[in-house]
Amino acid sequence: MLELLNKPAIEVAPLVLGAVVRVDEVAVRITEVEAYMGEEDPGSHAFRGLGKRNAVMYCPPGHLYTYFTYGMHTCANVVCMPEGVASAVLLRAGEVIEGQSVAAERRVTSQKPADLAMGPARLTVALGIRLDDAGANLQTGRVRLELPESQSPFSAGPRTGVAGEGGTAEYPWRFWIPGEPSVSPYRAAVKRKRR
């Protein structure tokens with residue numbers, strides 16, 4: 001697995017589609033991801049270099065990078081590239097294939113099975129991924145990644161909710177499996193007023 005992940009995120013992202021992420025009794029098949037290319041990517045947390053918040057992005061491939069967003073949600077990423085180079089694939093959405101009742105208990109606002117893990121925050125809640133899972137080894141840790149045997153057909157487009165240049169059509173680094181009901185709807189970034 002590490003050999004497949006030791007590449008730039010834009011190459012790894014399509015390979016993660018169809019992968020299974022397991023945490024305890026819940027498993028989710030990944031249907032949507034986004035690539036973040038580190039210091040060369042204006043949409044990446046590592047665009048301005050290494051810091052305390054993004055340090056895990058610089059870990060060896062096959063580790064889990066988690067971060068807190070909007071003051072309430074945890075998001076999960078698969079780290080790729082060699083140690084010292086920031087690159088990661090955001091797990092945006094998936095289909096719960098095992099442990100649906102547990103995922104539904106965690107996601108009480110879901111109205112149908114397809115939206116249990118539709119979106120990066122919903123996905124982490126359904127799986128039970130926490131902020132303190134940051135740095136976990138995805139082969140031996142509590143959170144496990146099982147790559148598919150073959151690559152799924154996919155579509156690509158701009159990343160969802162990324163502000164500025166990194167969210168434009170020049171960065172078609174969101175990848176999804178066409179026709180999957182668990183794929184989240186595209187949303188352009190919302191400009192926020194500074195206080």
Hey, can you grab everything whose amide H is under 5 Å from the amide H of GLY94? Only 5+ residues off in sequence or another chain; H modelled, so Pro and N-termini drop out. THR31, ALA117, MET118, GLY119
Say each of LYS112 and ALA169 gets a label point 7 Å from the Cα, pointing the same way as Cα to Cβ; how far apart are those two points in nm? 3.0 nm
Suppose all protein chains stay in the model; what accessible area per residue would a 1.4 Å probe give for the stretch 113-183, in Å²? 46 Å²
Under the 0.36 nm per residue contour assumption, what length would be gained going from the current alpha-carbon distance of MET72 and ARG48 to full extension? 6.3 nm
Candidate cut points under chymotrypsin sites (Phe, Trp or Tyr not before Pro) in the stretch 63-106, DSSP loop plus at most 15 other Cβ atoms within 10 Å of their own Cβ, are TYR70
Lys and Arg at +1, Asp and Glu at -1: add these up for the other residues within a Cβ distance under 9 Å of THR66 and post the number. -1
Under Karplus coefficients 6.51, -1.76 and 1.60, residue-wise ³J(HN,Hα) of the stretch 127-142 in Hz, glycine/proline x: 7, x, 6, 10, 4, 6, 7, 3, x, 4, 7, 6, 9, 10, x, 5
Quickly estimate the mean residue ellipticity at 222 nm for the chain, helices only: each DSSP H run with n ≥ 4 gives -39500 (n - 2.57), and the total goes over all residues, rounded to 500. -3500 deg cm²/dmol
Which of the GluC sites (Glu not before Pro) across the stretch 134-170 are loop residues per DSSP, with 15 or fewer other Cβ within 10 Å? GLU149, GLU170
Treating the beta-carbon of each Lys and Arg as +1 and of each Asp and Glu as -1, no other charges, what is the dipole magnitude of the stretch 77-123 about its Cα centre, to the nearest 20 debye? 200 debye
Under 10 Å, Cα contacts only: if you run a Gaussian network model on the chain, which one of HIS73, HIS63, HIS45 comes out with the highest mean-square fluctuation? HIS73
Could you run the Karplus curve 6.51 cos²θ - 1.76 cosθ + 1.60 with θ = phi - 60° over the stretch 162-175 and give me ³J(HN,Hα) per residue in whole Hz, x for Gly and Pro? 8, 7, x, 4, x, x, 8, 5, 6, 10, x, 9, 9, 10
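The values are calculated or read from the model by the stated rules, or taken from the named source; none is laboratory data. The shown structure was predicted, so the numbers you read here are calculated from the model rather than taken from an experiment. Glycine gets a Cβ as well: all are built from the backbone with ideal geometry, and neighbour counts include every protein chain shown. Ligands, DNA and RNA are excluded from the accessible area calculation, which covers all protein heavy atoms including side chains. Shrake-Rupley method; radii C 1.70, N 1.55, O 1.52, S 1.80 Å.
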